[in-house]
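Bear in mind that the values in this text are calculations on the coordinates, not laboratory data. All figures in this text were calculated on a predicted structure; none of them were measured in a lab. Here the Cβ positions follow ideal geometry from the backbone for every residue, glycine too, while neighbour counts run over all protein chains shown.
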Amino acid sequence: MTQVLSPRLQDVVDALPLRPGSRVLEIGGAPGAAARVVTRMVGPGGHVLVIDRSAAGIATTERTCEQAIANGTLSTLCASAENFELPSDVPPFDLAFACRVGVLDGRHPQLFDAALLCVSRALTPTGRFFVDTGSPLTEISVPR
C-alpha cells in the first residue's frame, strides 16, 4: 500500500535527518502514518518505536502497521510523553520526533520538563530530538 501523508506531515518527515539503519522514536505517533513512511526510509536495519498515550491509537497503529511489526521494523508502546520509560531490552534511539504533542509544543508547558527528561533517557548520547514547532521542525536540546 502506498502511503500518502498530508503536506505538513510529509514536510516533517522530509526534514528528519534519517539514515538507513536509524533507530527512530516517534512520540504521539498514532495512527502510524508517519511511522510507516519512516520505517521504509530507515530500511530493514532500522527500527521505529511509536509511543502514544491513547490505547485506541496504539491499536490502530498496530493494525495499520501490521507488516512492519511482523518484520520487526516497527513496535509500539502505550504511554504518555511525560511518563514513559523504555523497556530494559529496548536499545536507545538515534533520533526522536513529535508532531502535535501538547506537552512538547507549548500547549502544556507544566509537563514539558518531564517529557524532555523521558525523551533524553530514550536517546543515545548523540541522539537528536525534533518537534514540529518550526518550519517544519525545531531541534530541541535534551539534557545529557
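Out of S75, S80, which single residue is under 20 Å from G32 (Cα atoms), assigned to a strand (DSSP E or B) and touching a residue at least 24 places away in the same chain (Cβ under 8 Å)? S75 is the lone residue from the list that is under 20 Å from G32 (Cα atoms), assigned to a strand (DSSP E or B) and touching a residue at least 24 places away in the same chain (Cβ under 8 Å). The set of residues in the range 101-128 being surrounded by 13 or more Cβ atoms within 10 Å (Cβ to Cβ) and within 19 Å of R8 (Cβ to Cβ) consists of V101, G102, L104, D105.
Only a single criterion out of (1) under 16 Å from R128 (Cα atoms); (2) surrounded by 14 or more Cβ atoms within 10 Å (Cβ to Cβ) is not satisfied by P17, namely (2). Only residues that are out of contact with any helix residue (DSSP H, G or I) (no Cβ under 8 Å at 6 or more places or on another chain) and assigned to a loop (DSSP other than H, G, I, E, B) were counted across the range 25-70, and they come to 6.
Inside the range 65-89, residues that are among the polar types (S, T, N, Q) and either surrounded by 18 or more Cβ atoms within 10 Å (Cβ to Cβ) or within 19 Å of R128 (Cβ to Cβ) (or both) make up a count of 4. Residues that are exposed (fewer than 13 other Cβ atoms within 10 Å of the Cβ), closer than 25 Å to D89 by Cβ and among the acidic types (D, E) do not occur anywhere in the range 24-43. If you check every pair at least six apart or on different chains, which have Cβ atoms under 6 Å apart with a residue in the range 110-130 that is part of a strand (DSSP E or B) first and a residue that is among the aromatic types (F, W, Y) and surrounded by 14 or more Cβ atoms within 10 Å (Cβ to Cβ) second? Cβ pairs passing all conditions: L123/F93; G127/F93; F130/F97.
Name the residue that is nearest to A30 (Cα to Cα), counting only residues in the range 90-99 that are surrounded by 14 or more Cβ atoms within 10 Å (Cβ to Cβ) and out of contact with any strand residue (DSSP E or B) (no Cβ under 6 Å at 6 or more places or on another chain). Ranking the qualifying residues of the range 90-99, first place goes to C99.
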